[in-house]
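The values are calculated or read from the model by the stated rules, or taken from the named source; none is laboratory data. Remember, it's a predicted structure, so these values are computed and weren't measured experimentally. All Cβ positions, even for glycine, are placed from backbone atoms using ideal geometry, and neighbour counts span all protein chains on display.
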Amino acid sequence: MGAGGDLLFTKFLQTKRDWKLTLIRVVAGGVMLPHGMQKMFGWFGGPGFSATMRVLPHLVGIPAWLIFFSILAEFFGALGMILGCLSRIAAFGVLMDMIGAGALSFRFGFFMNWAGAHKGEGIEYHLLMGTMALTVMIWGGGAFSIDRALTGNRDARSPSRSGIGD
């Protein structure tokens with residue numbers, strides 16, 4: 001990479017030394033990772049990669065390539081968020097996954113189906129996880145992230161002058 005590319009990449013990784021961003025990033029990744037493990041490996045009662053790729057496109061009516069990227073986002077995006085490695089890219093994948101899943105779940109309303117009384121799940125989980133991912137996309141991975149270590153622990157500037165997040 002040339003000098004301009006290096007500078008751009010460094011700016012992309014920069015984040016504030018903020019433990020609140022670390023908390024949001026690690027919790028979001030930690031909650032998402034088991035979902036990715038279900039689809040990738042069949043752990044936690046999930047179907048595994050082959051079954052997910054075979055069944056889910058027909059079940060939800062979306063192309064297999066979107067299912068493939070959803071699996072990648074839920075597994076590798078979650079790992080990236082937990083570690084704070086390429087946090088913004090990882091969070092983008094999770095956000096796109098949540099937008100897609102939320103669009104599919106919108107017809108079931110807002111609330112999750114804790115008691116199993118309704119068909120399907122509402123969108124509240126997707127909203128929470130999507131908002132956490134968006135926060136990481138905007139402000140980065142925070143303190144205790146690989147991104148911050150790669151930039152020499154230099155603080156990023158605020159994304160706006162509104163004082164939000166300062």
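Odds and ends about this structure:
- Residues of segment 8-34 classified as assigned to a loop (DSSP other than H, G, I, E, B) and polar (S, T, N, Q), total: 2
- Residue match in segment 105-124 (condition: of a type in the set (Asp, Glu), surrounded by 17 or more Cβ atoms within 10 Å (Cβ to Cβ) and free of Cβ contacts under 8 Å to residues at least 40 places away in the same chain): yes
Residues are listed down the side, and each one gets a yes or a no for (1) touching a Lys or Arg at 6+ places or on another chain (Cβ under 9 Å); (2) at pLDDT 95 or above; (3) within 25 Å of residue 15 (Cβ to Cβ):
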| position | (1), (2), (3) |
| --- | --- |
| 91 | yes, yes, yes |
| 95 | no, yes, yes |
| 117 | no, no, no |
| 124 | no, no, no |
| 142 | yes, no, yes |
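- Selection within segment 70-104 - free of Cβ contacts under 8 Å to residues at least 24 places away in the same chain and either touching a Cys at 6+ places or on another chain (Cβ under 8 Å) or closer than 27 Å to residue 150 by Cα (or both): 72, 89
- Flag for residue 11 being closer than 13 Å to residue 132 by Cβ, surrounded by fewer than 16 Cβ atoms within 10 Å (Cβ to Cβ) and out of contact with any Lys or Arg (no Cβ under 8 Å at 6 or more places or on another chain): no
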